[in-house]
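Only one structure is covered here, and it is reproduced in the block below.
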Amino acid sequence: MLEQKDLLELENLSKENIELILDTAQKFKKLFTKSVKKFPALKGKTIVNLFYEPSTRTRNSFELAAKRLGADVINIVSNTSSIMKGESLIDTGKTLEAMKVDFIIIRHSISGAPNLLAKNISASVINAGDGFHEHPTQGLLDLFTIKDKIKDIKGKKIVIVGDIAHSRVAKSNIFALKKFGANITLVGPSTLVPESFKTLGVEIDYDLKNAIKNADVINILRIQLERQTKNLFPSISEYVKFYKVTEDLVSSLDSNVIIMHPGPMNREIEISSHLADTKKSVILEQVTNGIAIRMAVLYLLSLFKNISKVSL
Amino acid sequence: MEEKLILDEKKIKKILIRISNEIIETIENLEDLIIIGMQTRGVFIAKRIIEEIEKLENIKIPLGIIDISLYRDDIYEKLKDISLKETKLPFNINDKNLILVDDVIYTGRSIRAAIDCIMDFGRPKSIKLTTFIDRGNRELPIQPDITGFYFKTRPKEEIISVKLKEIDSFDSVFLKFIH
């Protein structure tokens, strides 16, 4: 059982708990892709999507996951709420708690904001991405997708390409994959791939062609154009020249290599449009798996809450 | 925990043969029959009943499997064994006669959940309930159509523990006393 109130990060989530989430997600995926789409497991629970940053797929994925478990969902988007009037995060959290919500799913531009919220309220908090810290459900769904294709990922080579420095997705991926013994290589311009990541036990490379040699998985991150205010690479066209992953580059690799992207894609910037649509690409499977993972997380956290309530 | 043996392997076998015969007797058209086992031990009981009927009638009977975890109203009390298990109904259940099989019936709440689960998959012609052990103390108006063995337990003092070869390596039914 997932014996915790919140899901904030993968760094300190045990391998056993990750396996439990993946196993539960597998069951949900089988159910909602083959037969029944909706279950009453979270009937009567209220879930709030509290998003301080724009998001389409993560927010909708959480909303669908919650609705498929029978929960009620409300969405709070920062530019149309009291947050604009200057309400603090903790006050917003306490207000939602006074409305008796059971889960708060939060995305915030400041690393650690979900942890702060979780400490101050009794509702469950799920981190949907905080600053440059983590995006745990993305890490879990990427791991799920990889394990679905490659059963045992121990010793397998997983390359993460692009803007590592600003990527919470990369961090959650690294924490999750390391627990299952994968070898990880990070590649991108030196300004976007800090040396400090070596302390996480990963390889670093600045040459794309060299980095992807013998790769089993290539996970291509989005170039976050909205974060490029510090001119970390000279121009988009230069990034494209050195780091765009193309079908040509991938053709020399094992034919079973998997191409991943957390979305939304900038086609022809970090990934060639053609490659994104080939059989090697599992990008749309990642989207389906995201729902299964989020259903599993909501379900497991709510079980623990119900049980601990009774034992009090 | 103190325990007392209620049924041994031989008796369990006899009871399952009797249940199988009762099913053959009650169901008019065996061609339309689907037997559905409830996770976990209900599935093994269901498999044994199917084997028996197939032997007696020379017919193939499909097995469905359901896990009711997502439909429970009493998950709060079930501290152990809450992991989701497989649900497998890979055929059309519309207009079929279903026999739902569980190892023990107690409050009836699991059966309520099972009926809800089945209804999400379609609209069967009928559902009949077979339970191997009935330990009394119903909280809902649900009764099995076919019962293997009736043993009324004292709630909160006694529980029934069914052990099956497929998962426990031996066949037995025990009465356990909670202190």
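The values are calculated or read from the model by the stated rules, or taken from the named source; none is laboratory data. Model, not experiment: these values are computed from the prediction. Glycine gets a Cβ as well: all are built from the backbone with ideal geometry, and neighbour counts include every protein chain shown. Note: accessible area is taken over every heavy atom of the protein model, side chains too, but ligands, DNA and RNA are not part of it. Shrake-Rupley method; radii C 1.70, N 1.55, O 1.52, S 1.80 Å.
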Counted residues, segment B:164-179 - those being of a type in the set (D, E, K, R), in contact with a strand residue (DSSP E or B) (Cβ under 7 Å, 6 or more places away or on another chain) and surrounded by fewer than 16 Cβ atoms within 10 Å (Cβ to Cβ): 1
Which of the residues spanning segment B:146-161 are open to solvent by less than 60 Å² (accessible area, probe 1.4 Å) and of a type outside the set (A, V, I, L, M)? B:147, B:148, B:151, B:153, B:158, B:161
Residues A:85, A:45, A:94, A:30: which one is open to solvent by 30 Å² or more (accessible area, probe 1.4 Å), within 28 Å of residue B:114 (Cβ to Cβ) and out of contact with any Phe, Trp or Tyr (no Cβ under 8 Å at 6 or more places or on another chain)? A:30
For segment A:109-131, which positions are free of Cβ contacts under 8 Å to residues at least 60 places away in the same chain, farther than 17 Å from residue A:58 by Cβ and among the polar types (S, T, N, Q)? A:120
Out of all the residues in segment B:129-171, which are part of a strand (DSSP E or B) and out of contact with any helix residue (DSSP H, G or I) (no Cβ under 7 Å at 6 or more places or on another chain)? B:131, B:133, B:134, B:147, B:150, B:158, B:159, B:160, B:161, B:163
Which condition breaks for residue A:79 when tested against (1) surrounded by fewer than 21 Cβ atoms within 10 Å (Cβ to Cβ); (2) out of contact with any Leu (no Cβ under 8 Å at 6 or more places or on another chain); (3) within 14 Å of another protein chain (Cβ to nearest Cβ)? (3)
Options A:276, A:215: the member that is buried (at least 17 other Cβ atoms within 10 Å of the Cβ), more than 27 Å from residue A:128 (Cα to Cα) and touching a strand residue (DSSP E or B) at 6+ places or on another chain (Cβ under 8 Å): A:215
Which of the residues belonging to segment A:16-56 are outside any helix (DSSP H, G or I), free of Cβ contacts under 8 Å to residues at least 24 places away in the same chain and more than 12 Å from chain B (Cβ to nearest Cβ)? A:54
Restricting attention to segment A:60-76, and to residues there that are open to solvent by less than 50 Å² (accessible area, probe 1.4 Å) and in contact (Cβ under 8 Å) with a residue 60 or more places away in the chain, which single residue is nearest to the other protein chains (Cβ to nearest Cβ)? A:69
Kindly provide the set of residues from segment B:13-68 that are among the polar types (S, T, N, Q) and not in a helix (DSSP H, G or I), ordered by number. B:29, B:39, B:40, B:58
